[in-house]
Amino acid sequence: MQRKQNKIKNNLQKQTEKVVEKIDEQPKKGFRSEQWIVLATVMIGSFLGRLDGTIVNLALPHIISDFGITVSEASWISTAYIIANAIFVPIFGKLGDLIGRKPLYIFGIVGFTISSMLAGLSFNLPSMIIFRVLQAITVSIDYPLALSIIAFTFTDKRQRTTAMGLWSAVFAVSQVFGPLLGGPLVDNFSWRSVFYINVPLGAIGTFMALRFITEPVEKIKGLKNFDILGAILLGVSLGTMVLVLDQGQTWGWGSGKSIISYIISAVSLVVFIFVENKAIEPVVDLKFFKIPTFTASIITSFISFMGLFGGIFLIPLFVQNILGYSVTKSGYIFIPMSFALMFMAQLGARLSHVIQPRFLTASGMFVAAMMLFLFAGIDVKWGFWDIAVRLLILAAGLGVSFAPLTNAATSTVPLEEVGVASSILALARNLAGAYGIAIFATILSNTTSSHLVEILQHSTINNNNPSTLSTVIPLMISQANILAYRSVFYWAGIFLLLAAVSAMFVKEKKSDFAHGHAPRVEVEM
């Protein structure tokens, strides 16, 4: 009897010691400054990647002139970047789970810094395209790994949601700083400076990553079971899909090139799904889509980003082409939007602990939709603040939505697979942006033509004087453009309304935020 009691006592003592050790290993809750330094570190990398996507477009006219190339040829500078980025985001999300996040993240920011410098040294179009592809490959490491590092670093629910809100605000800030930095750099220096600006920022980000990021993966699985075939099939499917989205309007959506792209993308996607169901370490774990909250988050993100990108990308075009604003002044319009997004992202993170995230997200999407419907009344008489205030309210709605939506997508999967989940979310948002821009650019082009025909049919010019015609015809074209912009904003609002409905299916449970909690005690008798 005594021996049995001693055995039980020893078992209890051993179990207690194990629990204490595990609890000691858990990151302490409450404010820890190193957490926020890690967040600032990944925000620098994310800012660089997003900034590059906007700032380079401003330099394209100067690159065209310097290299002596056509506008069509120059489009491949952006197209190659978009395709490479879409292909490698899911691959690096999986690699981070297999070989570790810190070394891969550092490789990404160092590679992006070096490839940016090389892009600035480009001597012709082929060299520029090669270096842009290298930029896209290395920057695609950032998004899934940044989210994964945040999820591992912030184990407390409230702090994690706040951190994701801050990180999400980087996307808006980069959209503002693109024109603000790019315009003066190109005007006062040269187009090469838009690439060189990444070098000092990349060096700072590299130093901080080496110093402050700790490797969250305890057990490195290695590349033994990496799904190479799945990665190739996904790359082919995404590459052809993004290619036709980017070039479809130029080729013609029903042209031979477009149809071949559709077929290749669809067939490779079907084969990819079959391969993933058999793979030991799939690039995209399809079982995630059996989680209702995760699936609803991805669908909501996809729909909302289609509407958002489809509508917002037109604002700079309108204010520059119709209102005659400079590149720098058009950037100023987005400053209130940027501050609203940063502030409301934090408010949304805090409110998500009081209000169910689905209600919060749906409300934010609804507000954003209403603002896009107001943009459907856009007119040449609108001034700076007419646009800036509407963008501010639009950003407020989106800011409330993004943090809870991002957290919902990443908190419903096992912590060790957050990298893959983050890459799926990144892929959905990137593809949504490509789809949105392609669809709404086509709507803008087609409706401009139809409105111009309609205006011409219902107009009578009684004076054939060349000076009169040179005044009246541009006014007709301008009016047709304005009516087309209104149509695009209307349809963008419809998409945001659909996203608001979809958000109601993002139902989270308290257990979804349980990562990092103290382990359960089990005593063997």
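The values are calculated or read from the model by the stated rules, or taken from the named source; none is laboratory data. Keep in mind that what you see is a predicted model, and the values were worked out from it rather than measured. Using ideal geometry, Cβ is built from the backbone for each residue, glycine included, and neighbour counts are taken over all protein chains shown.
Does at least one position in the range 421-431 carry a residue that is part of a helix (DSSP H, G or I), over 20 Å from the mean Cα position of the chain (by Cα) and either over 30 Å from Gly96 (Cβ atoms) or assigned by TED's automatic domain parsing to the domain that holds Leu314 (or both)?
Here is the first cut: in the range 421-431, the ones part of a helix (DSSP H, G or I) are 421-431.
Now narrow it down to the ones that are over 20 Å from the mean Cα position of the chain (by Cα): none.
Within the range 421-431 (the criterion being part of a helix (DSSP H, G or I), over 20 Å from the mean Cα position of the chain (by Cα) and either over 30 Å from Gly96 (Cβ atoms) or assigned by TED's automatic domain parsing to the domain that holds Leu314 (or both)), the answer is no, since none of the residues qualifies.
Being in contact with a helix residue (DSSP H, G or I) (Cβ under 7 Å, 6 or more places away or on another chain) and not assigned by TED's automatic domain parsing to the domain that holds Phe505 narrows it down to one of Phe289, Phe302, Phe313, Phe272, so name that one.
Values: Phe289 fails: not assigned by TED's automatic domain parsing to the domain that holds Phe505; Phe302 fails: not assigned by TED's automatic domain parsing to the domain that holds Phe505; Phe313 fails: not assigned by TED's automatic domain parsing to the domain that holds Phe505.
None of the others qualify; the one that does is Phe272.
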Hey, does the range 398-414 have a residue that's in the same structural domain as Leu317 (by TED's automatic domain parsing), within 30 Å of Leu238 (Cα to Cα) and over 21 Å from the mean Cα position of the chain (by Cα)?
yes
Could you please find all residues in the range 365-382 being of a type in the set (Gly, Ala, Ser) and in a helix (DSSP H, G or I)?
Ala368, Ala369
Members of the range 44-90 that are in contact (Cβ under 8 Å) with a residue 12 or more places away in the chain and not in a helix (DSSP H, G or I):
Ile69
How many of the residues making up the range 302-339 are out of contact with any Ser or Thr (no Cβ under 8 Å at 6 or more places or on another chain) and part of a loop (DSSP other than H, G, I, E, B)?
7
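Would you check if there is a residue in the range 249-262 being touching a residue at least 60 places away in the same chain (Cβ under 8 Å), of a type in the set (Lys, Arg) and more than 23 Å from Val89 (Cβ to Cβ)?
Residues of the range 249-262 that are touching a residue at least 60 places away in the same chain (Cβ under 8 Å), as a first pass: 249-250, 253.
Still in the list and also of a type in the set (Lys, Arg): none.
No, because not a single residue in the range 249-262 is touching a residue at least 60 places away in the same chain (Cβ under 8 Å), of a type in the set (Lys, Arg) and more than 23 Å from Val89 (Cβ to Cβ).
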Any idea which residue in the range 276-319 is nearest to Leu497 (Cα to Cα), counting only those that are among the aromatic types (Phe, Trp, Tyr) and in contact with a Gly (Cβ under 9 Å, 6 or more places away or on another chain)?
Phe305
Can you spot a residue in the range 96-108 that is closer than 25 Å to Ser422 by Cβ, among the small types (Gly, Ala, Ser) and outside any helix (DSSP H, G or I)?
yes
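Before we move on, is Ser449 modelled with pLDDT of 80 or more and surrounded by fewer than 13 Cβ atoms within 10 Å (Cβ to Cβ)? It would help to see each step written out before you state the result.
Numbers: modelled with pLDDT of 80 or more: yes; surrounded by fewer than 13 Cβ atoms within 10 Å (Cβ to Cβ): yes.
Judged against the criteria, Ser449 is a match.
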Extreme residue, surrounded by the most Cβ atoms within 10 Å (Cβ to Cβ), among residues of the range 169-209 that are among the small types (Gly, Ala, Ser) and farther than 25 Å from Pro61 by Cβ:
Gly205
Suppose we filter Val236, Val275 for residues that are of a type outside the set (D, E, K, R), at pLDDT 85 or above and over 24 Å from the mean Cα position of the chain (by Cα); which single one remains?
Val275
